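Working notes, beginning with the structure itself.
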Amino acid sequence: MRAAFADEIEKLAAEDSRIVLLSGDIGNRMFDTFKEKSPDNFYNCGVAEANMTGMAAGMALCGLRPVTYTITAFNTARVLEQIRLDVCFQNLPVIIVGVGGGLSYASLNATHHALEDIAFLRVLPNMTVICPGDAWEVRAALRAALQINGPVYIRMAKKNEPLVHSSLPDFSIGKGLIVREGTDICFLNSGSLLPLAVDAANILLEKGISVQVVSMHTVKPLDENLLHDVFSRFSHIFTLEEHSILGGFGGSVSEWLSDQRGLQAHLTRIGTQDKFMVEAGEQEHAREFFGISTEKIVERVLHKL
């Protein structure tokens, strides 16, 4: 995803001189071409993420379109006060990009895990929250975010994620994408588990269970029309995300559902539990630990049904 982001912002900056990229001391070689083509539009802000967010707010007040980029945990939790007051309170068009969302940096332990960031940011007034499911959705999300005259958070994974789409999807903020049709149950996926959701759906189909898979790339605002449709047509809905089940996408859907009447579908939230992972391991091990691997998702669905 990060390579797609670097390539896409380079193209967009060549078309719009207002776009400024601020990096929290990462991705320097990845942005070499950007710096060559737009040398006055790149700032390495160092390991000073709060200052970087304040800089971005000031640039936005001057008519620029700043994009901040660094590791998710450092671009959200560490700078929450600056995002809240400098960016959201003033409703400024700053795009906050978190790379390595969820368990992408699992091997670096809890300091680099980002399992609460959606909960932090979706409750802030004026904030739009986007969690792309693959690299194509990253490209589309960045394009769409630049059309919004307000704060946007884009939560990405890291690298080498499988592609789900074969080309740029028909992407609109607040509108889910149906990745595959199904008739029995529905997966509503937010973010980097999308390839696993598709794999789990394939396994379940072999067991006679047809699964509709939807990429709910926008957590805020929710696609309420799509939610009403799937909760009216399917018996079981499963939300999937590499984030805590508390306050994230599943929590957001739960809040929406609590205000509805007459919808009979059962909702199950699949995500990480309310605990820290204190052992070491790569992302695959961490997903197994939290029960969000493909196999664990299939087991959870079969047990629920």
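Summary of values
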read-out	value
1.4 Å probe accessible area per residue over segment 215-305, in Å²	49 Å²
On Cα atoms only, tilt of 49-61 relative to the major axis of the chain in degrees	70 degrees
Distance in nm between pseudo-label sites at Ile203 and Ser254 (7 Å out along the Cβ direction from Cα)	2.4 nm
Approximate spin-label separation Gln147-His228, in nm, with each point projected 7 Å along Cα-to-Cβ	2.3 nm
For the chain, convex hull volume per residue from C-alpha positions, Å³	120 Å³
Extension reserve of the Lys159-Gln273 stretch, reckoned as 0.36 nm per residue once the Cα distance is removed	38.6 nm
The chain, accessible surface, carbon-and-sulfur percent (1.4 angstrom probe)	49 percent
Within a Gaussian network of the chain (alpha carbon springs, distance under 10 Å), most fluctuating of Arg261, Arg139, Arg233	Arg261
Cα gyration tensor, segment 174-242 - rounded (a/c under 1.5), prolate or oblate	oblate
Other-chain or far-sequence residues with amide H under 5 Å of His243's (modelled H)	Thr272
Whether segment 150-305 is rounded, prolate or oblate, judged on the alpha carbon gyration tensor where a/c under 1.5 counts as rounded	rounded
Helix-only [θ]222 nm of the chain, DSSP H runs n ≥ 4, -39500 (n - 2.57) each, per residue, nearest 500	-10000 deg cm²/dmol
Where segment 35-132 is the region considered: accessible area per residue in Å², 1.4 Å probe	38 Å²
Long-range HN-HN contacts of Lys220 with modeled amide H, under 5 Å	Val129
For segment 228-299 and segment 81-113, distance of Cα centres in Å	21 Å
Eligible lysines near Lys11 by straight Cα distance, threshold 16 Å, same-chain separation 8 or greater	Lys35, Lys37
Estimated distance in nm for a label pair at Ser167 and Gln90, the labels positioned 7 Å out from Cα along Cα-to-Cβ	4.1 nm
Förster radius 45 Å - calculated FRET efficiency between Arg261 and Lys11, Cβ distance, rounded to 0.05	0.45
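The values are calculated or read from the model by the stated rules, or taken from the named source; none is laboratory data. In this text the structure is predicted, and so the values were computed from the model without any measurement. So basically every Cβ, Gly included, is an ideal-geometry build from the backbone, and we count neighbours across all protein chains shown. Note: accessible area is taken over every heavy atom of the protein model, side chains too, but ligands, DNA and RNA are not part of it. Shrake-Rupley method; radii C 1.70, N 1.55, O 1.52, S 1.80 Å.
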